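Working notes, beginning with the structure itself.
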Amino acid sequence: MDTAKTIKELRESTGMSRKEFSEHTGIPVRTLEDWEAGRRTPPEYIPRLLAYQIKFEGIFSAKEEVKGKRSVSVIKDVDGNNIVIINDIRFKGKRSIDWKDVREYLKEYVGEFYTIAATGDVIYIGSDLPNEYSGSKYTHSIKGANAKAKANATQGIPELIEIAVGKHFRENNEEKHWRNAKYGWYRYDSRFALPVYNETGEIERYNVFHASLIVRHSEDKKLYLYDILDIKKETSNPIEP
């Protein structure tokens, strides 16, 4: 039995984050992280115990609530490249985006980690992401469709990380990041699509966007998502529903 995979699948079946699952089961978040990443091996009875709790003690009760926060899928375009389809516009702002709401939403990811399929890199979500993502110079510089795209891309962060490609490294030359990016920075390419609605409220098409994931290599030797930049609409690649 692949215990790490089993424990991760059991937790994901509830729709909960590691923090939420920890609160329900009493297992420390760090222990869950180590088990799921295969860094530590849990006692043999743990998967059976978790399965029992999920089935008979109502741990799954939060599943629909959590799952309902995201309506996301991954498809391939005609060239075989992955696109994260985000099926809901959560942050609608007619004139401007309320980045405080975006920041609060991002806090739900803190403590999670996701694996890039193409490289095997494990990307963690640190406590600095909500503030940086919602308050960076880049965020304040974008307006209109690009601001709306960045705000709503938050719903697809797990999948955007998982489908990322094109890993590029650069050294850290900024003194303020000498700890949290001690071993440098990485940039990955990813893509997502957002719905465009017609006058009757039906989805007319999906606009596809390119994005660069900025990842810092911290002094603890882990990789952390720092921000998402360079969001640009691909004008030649709309997707029909």
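Bear in mind these aren't lab numbers, they're just calculated from the coordinates by the rules spelled out. The structure presented is a predicted model; accordingly, all values stated were derived computationally and were not measured. Note that we place each Cβ from the backbone using ideal geometry, even for glycine, and neighbour counts take in every protein chain shown.
The slack between residue 37 and residue 51, meaning 0.36 nm per residue of separation minus the straight C-alpha distance, is 3.1 nm. Listed by chain and number, the lysines whose C-alpha is less than 21 Å from the C-alpha of residue 232, apart from same-chain residues fewer than 8 away, are 76, 92, 94, 137, 143, 148, 150, 167.
The length gained on full extension between residue 77 and residue 210, counted as 0.36 nm times the residue separation minus their Cα-Cα distance, comes to 46.6 nm. Hey, could you get me the Stokes-Einstein D for the chain, Kirkwood radius over alpha-carbon pairs, 4 °C and 1.567 mPa s, rounded to whole µm² s⁻¹? Estimated via Stokes-Einstein, D reaches 68 µm²/s. Placing +1 on the Cβ of every Lys and Arg and -1 on the Cβ of every Asp and Glu, with nothing else charged, gives the chain a dipole about its Cα centre of roughly 480 debye.
What percent do you get for the relative contact order of the chain when only Cα pairs under 8 Å and 6+ apart count? The normalised contact order for the chain reaches 16 percent. Amide H to amide H distances under 5 Å link residue 74 with 85, where only residues 5 or more positions off or on other chains count and H is placed in the peptide plane. Here the gap between residue 196 and residue 87, fully extended at 0.36 nm per residue and compared with their Cα-Cα distance, gives a gain of 38.3 nm.
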